[in-house]
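Student: Handing you this structure, nothing more for now.
Here, each number is a calculation from the coordinates, and none is a lab measurement. Fair warning: this is a prediction, and the values are worked out from it, not measured in the lab. Using ideal geometry, Cβ is built from the backbone for each residue, glycine included, and neighbour counts are taken over all protein chains shown.
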Amino acid sequence: MNRIDKLLASMTLDEKIGQLNMATAGQAVTGPIVGAPTTEAIRDGKVGSLLNLFGSEATARYQKLAVEQTRLAIPLLFCADVLHGHRTTFPIPLAEAGLFDPETWERTARAAAAEAAAEGIALTFAPMLDIARDPRWGRIAEGPGEDPLLGARFATAKVRGFQGANLAAPESIAATAKHFCAGGAAAAGREYAAVDISERTLHEVYMPPFRAAVEAGCAAIMPAFNSVAGVPMTSHMRLLRDYLRRKLRFDGAIISDYDAIAELLIHGVAADRAEAATLALKAGVDIDMVGGVYLAHLPEALARGLVDMDDIDAAVRRVLTLKQRLGLFDDPYRHAASAARQMHPADELSVDVARRSITLLANHDNILPLAGDLRRIAVIGPLADAPAEMLGPWSLAGDPSRCVSILRGLRAALPQCEIAYAPGVSAKGEEAGDIAAACTLCAQAEVVILCVGETADMSGEAASRAAPGLPGRQRELAEAVLATGVPVVALISSGRPLMVSWLADKARAMVATWFLGDFAGHAVADVLTGRFNPMGRLAVTWPREVGQIPIYHAEKPASRPANPAEPFSSKYTDLPVEPLFPFGHGLSYALVTLRNLRTNRHEFSRGDRLEFLIDAVNESAIATEETIFLFAHDLVASTARPLLELKTWAKVALAARQTKTVALTLSAESLRCLDDDFRPVLEPGEFDILVGLNADRRTLLTTRLRALPHGARES
Ligand code: BGC
């Protein structure tokens, strides 16, 4: 008998159910605290894991209770949301995704894991892997954006980063891929709303990041709050038990979302809590986060014959196995023993990633980088001197007092300039502010840096916005500033694309500065002054107006493609169909053109390796790093295929005036599509391969190749 079998054999029903129960620590001004009832419950063996407690001393204190005062001495599992850094805050995931750089994604997760582990955290509820094509949904900020391949690569990198090669290593924490599945498709972008999408879309678009996470050995998965086609994900037998556990062979822990088992009653699929516990347990949910439903009602479900002991044992075994993989049985304090470790070892990485996450959206007449002889600048707007906002949503342990505001960053970078500052209006209030005073400052300046956007709490969970434009009176401020006629560089701080086409039309430059973390201000200053050449790309299509949502590059053909000259075509009568900025868009200060796309073969079969070469020409005197995207379009298939499917990308560093030939390779298998049973098949026929600097179809270079019928080449 191995250790877990032995342990399981010696456990009472209450002790077993205790392992399935996750309690929460509360928040006090001094940090996380554990209330008296939870402390009691830990002593009684009724708590298997604890949410939101961190700090090496605090976690050690409660671990001691579990290890020294419970009969079986099973260690607690400390869990927290470490989404984009722990003490050191990195840019929000949507911004970091725009690096298109798996190595960096992995490094930031590794750094966050090390800091979190040093404070006792053993498991994070990350990475968040919801594909999102609707910027009304505030949680778009937390994930990798709109594309399944990007999401899958992000998933692999993040799982590797958090978990390392060995989950028991002191710098490793367990990753939780969430929210399985399709929360990003919530109806009308409204948080927690039901999802109703086709099974094909589910498998083609929403599953790939989760498949990648499972393949990378992700320790845990969290089902989404929402229902999919009428079945809540927390009790989704077909997707949790049949697909995740049986088909993908996921054998890690499934952790419910916050109180989600109890919410099965609200979904209207359980008549009482014993039924809710039954549905979740039978579907494969091992841990009940905070709801206490397993704790209070699994005994009843067992007595009523709704579940049997094997169901409970299977869940307990998975929880104990996770604890074992983390090394907790050998050293329950291993994560909490390092109080002396440096608090912010990742500062350099944070500023580097912040710079690289910035997306230069528009730059008319090359107003950026700012001219070296500028002497008077006005920095205007409510996000200019808002250090705490730079942390963005989901900053559990971030320290607002460390954050560098945009104003502070600019002042530090431009000591020779007179920098006048006025917020103009508050970020989201309706009070009048002092727009006139702000405009007076603008009139005396050579250029205005207009810092507008959202506050940190306007994206993330429960932050859906029906009209995600500039909140409060910021538009009024912006219009007044633009009316002064002084050139305006608009910086947009936000957790999502904001509907600001009117601003893009009038500002001389527009920059997405997202929420960049601790060193936002320095990163922004480096980009605006040209000390750093921007390289961030959009991981999500940026719409013009809410009416275009959902909007994404991988759309399927319309029966009558959009044609402004054709009344009966798939277009709007009042707006272009094109977004404001396409997926992958992002300028640099260099000018790069792509030429001469070619391939090593025009016909291919299964197992072939396809190589595409393209010349990247830096026409400017500025060194740069570009991201080159390769899309495929399967021209004739058994089901309609997207007009563009991202298949790979490459990054290329170009010195001034340099030309490089860039190779992009694909396996023939990467051009497969899913058949009627959602199995991948390579269908014979023609494919277009389209390569370019973003997903604007008008700018892509194309070559065509043909997949031969299986066995054709041999015959
Ligand atoms: C969120 C999860 C998060 C959990 C614990 C929930 O409300 O949906 O993403 O991990 O809370 O904080």
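Student: Could you put TRP542, TRP502, TRP514 in order, starting from the residue whose Cβ has the fewest other Cβ atoms within 10 Å? Kindly include the intermediate steps, with their values, before the conclusion.
Tutor: Values: TRP542 26, TRP502 16, TRP514 30.
Ascending Cβ contact count within 10 Å gives the list TRP502, TRP542, TRP514.
Student: Any idea how far apart ALA637 and ALA655 come out in nm if each label point goes 7 Å out from Cα toward Cβ?
Tutor: 4.2
Student: For the chain, which span is the longest to avoid every loop-located (per DSSP) member of GluC sites (Glu not before Pro) having at most 14 other Cβ atoms inside 10 Å? Before the final figure, lay out each step's value.
Tutor: Numbers: sites that count: GLU430, GLU431, GLU619, GLU714.
Here the longest run is 1-429.
Student: If we count other beta carbons within 10 Å of each Cβ, what is the order of TYR552, TYR589, TYR333, fewest first? Intermediate values should be presented prior to the final figure.
Tutor: On the way: TYR552 23, TYR589 19, TYR333 16.
Listing TYR552, TYR589, TYR333 from fewest to most nearby Cβ atoms yields TYR333, TYR589, TYR552.
Student: Please order LYS247, LYS282, LYS556 by the number of other Cβ within 10 Å, starting at the fewest.
Tutor: Least crowded to most crowded, the residues run LYS556, LYS247, LYS282.
Student: Another question about this same structure. So what is the relative contact order for the chain, in percent, with contacts set as C-alpha pairs under 8 Å and at least six apart? Write down the numbers at each step before the final one.
Tutor: On the way: 1795 pairs, mean separation 89.1, N = 715.
Once divided by the residue count of the chain, the mean separation gives 12 percent.
Student: How far is the Cα center of segment 299-324 from the Cα center of segment 89-123, in Å?
Tutor: 33
Student: Hey, another quick one. Which entries in the list LYS158/LYS651; LYS46/LYS323; LYS178/LYS651 go over 25 Å, if you measure between the two C-alpha atoms of each?
Tutor: Values: LYS158/LYS651 19 Å; LYS46/LYS323 16 Å; LYS178/LYS651 28 Å.
Too far apart for the 25 Å limit: LYS178/LYS651.
Student: Can you tell me, using C-alpha contacts under 8 Å and at least 6 residues apart, the relative contact order of segment 564-638 as a whole percent?
Tutor: On the way: 53 pairs, mean separation 21.4, N = 75.
Averaging sequence separation for qualifying contacts and normalising by length gives 28 percent for segment 564-638.
Student: Which log10 I(q)/I(0) values does the chain give at q = 0.10 Å⁻¹ under the Debye formula, counting every alpha carbon as one identical point scatterer?
Tutor: One equal scatterer on each Cα of the chain leads to -1.00.
Student: Further question on the same structure: How far apart, in nanometres, would the label points at LYS64 and ARG595 be if each is projected 7 angstrom from Cα along the Cα-to-Cβ direction?
Tutor: A separation of 7.2 nm, rounded to one decimal place.
Student: While we're looking at this one, here's another question. For the chain, what does the helix formula give at 222 nm: sum of -39500 (n - 2.57) over DSSP H segments with n ≥ 4, over the residue count, nearest 500 deg cm²/dmol? Intermediate values should be presented prior to the final figure.
Tutor: Values: 18 runs with 178 residues, N = 715.
Rounded to the nearest 500, it is -7500 deg cm²/dmol.
Student: Right, something else. Take the alpha-carbon centre of segment 414-434, take the same for segment 471-541, and report the distance between them in whole Å.
Tutor: Here the two parts' Cα centres lie 14 Å apart.
Student: Also, I was wondering about something else. Suppose every Lys and Arg Cβ carries +1 and every Asp and Glu Cβ carries -1, with no other charges. What dipole size does the chain come out with about its Cα centre, to the nearest 20 debye?
Tutor: Values: 73 positive and 85 negative charges, 233 e Å.
Its charge dipole is roughly 1120 debye.
Student: About its Cα centre, how strong a charge dipole does segment 561-715 have in debye, to the nearest 20, once Lys and Arg get +1 and Asp and Glu get -1 at the Cβ? Please report the intermediate quantities before stating the final value.
Tutor: Details: 18 positive and 21 negative charges, 98 e Å.
In debye, rounded to 20, segment 561-715 gives about 460.
Student: Same structure again: Taking a spot 7 Å from the Cα of LEU13 along the direction of its beta carbon, which residues of segment 309-324 have an amide N less than 11 Å from it?
Tutor: Zone members listed by number: 309.
Student: How much length is gained if the chain between ALA271 and ASP5 is pulled fully straight, taking 0.36 nm per residue apart and subtracting their Cα-Cα distance, in nm to one decimal? Write down the numbers at each step before the final one.
Tutor: Working: separation 266, 0.36 × 266 = 95.76 nm, distance 3.44 nm.
Here the answer is 92.3 nm.
Student: In a solvent-free Debye calculation with one equal scatterer on each Cα, what is log10 I(q)/I(0) for segment 248-404 at q = 0.12, 0.14 Å⁻¹, listed in the order of the q values?
Tutor: -0.82, -0.92
Student: If you stretched the chain out fully between LYS506 and MET237, how much longer would it get, using 0.36 nm times the residue separation minus the C-alpha to C-alpha distance? Could the numbers behind the result be given before it?
Tutor: Working: separation 269, 0.36 × 269 = 96.84 nm, distance 5.22 nm.
So the extension gain works out to 91.6 nm.
Student: Separate question: Tell me, how many Å apart are the Cα centres for segment 227-294 and for segment 555-581?
Tutor: Here the two parts' Cα centres lie 41 Å apart.
Student: What nm distance separates the two modelled labels at ASN563 and LYS282, each placed 7 Å from Cα along Cα→Cβ?
Tutor: With each label placed 7 Å out from Cα toward Cβ, I get 5.4 nm.
Student: By how many nm would the segment from GLU430 to TYR572 lengthen if fully extended, with 0.36 nm per residue of separation less the alpha-carbon distance? Don't jump to the answer; show the numbers that get you there.
Tutor: On the way: separation 142, 0.36 × 142 = 51.12 nm, distance 3.27 nm.
Full extension from GLU430 to TYR572 adds 47.9 nm.
Student: A further question on this structure: Assuming R0 = 30 Å, can you tell me the calculated FRET efficiency for the pair ASP44 and ALA188, based on Cβ-Cβ distance, to the nearest 0.05?
Tutor: 0.10
Student: Right, next: Under the definition of Cα pairs under 8 Å and six or more residues apart, what whole-number percent is the relative contact order of segment 159-272? Walk me through the numbers before you get to the answer.
Tutor: Values: 150 pairs, mean separation 29.0, N = 114.
Relative contact order of segment 159-272: 25 percent.
Student: Here's another thing I want to ask about it. Would you work out which of HIS297, PHE519, TRP105 lies farthest towards the positive end of the dipole of the chain? Charges go on Cβ: Lys and Arg +1, Asp and Glu -1.
Tutor: Result: TRP105.
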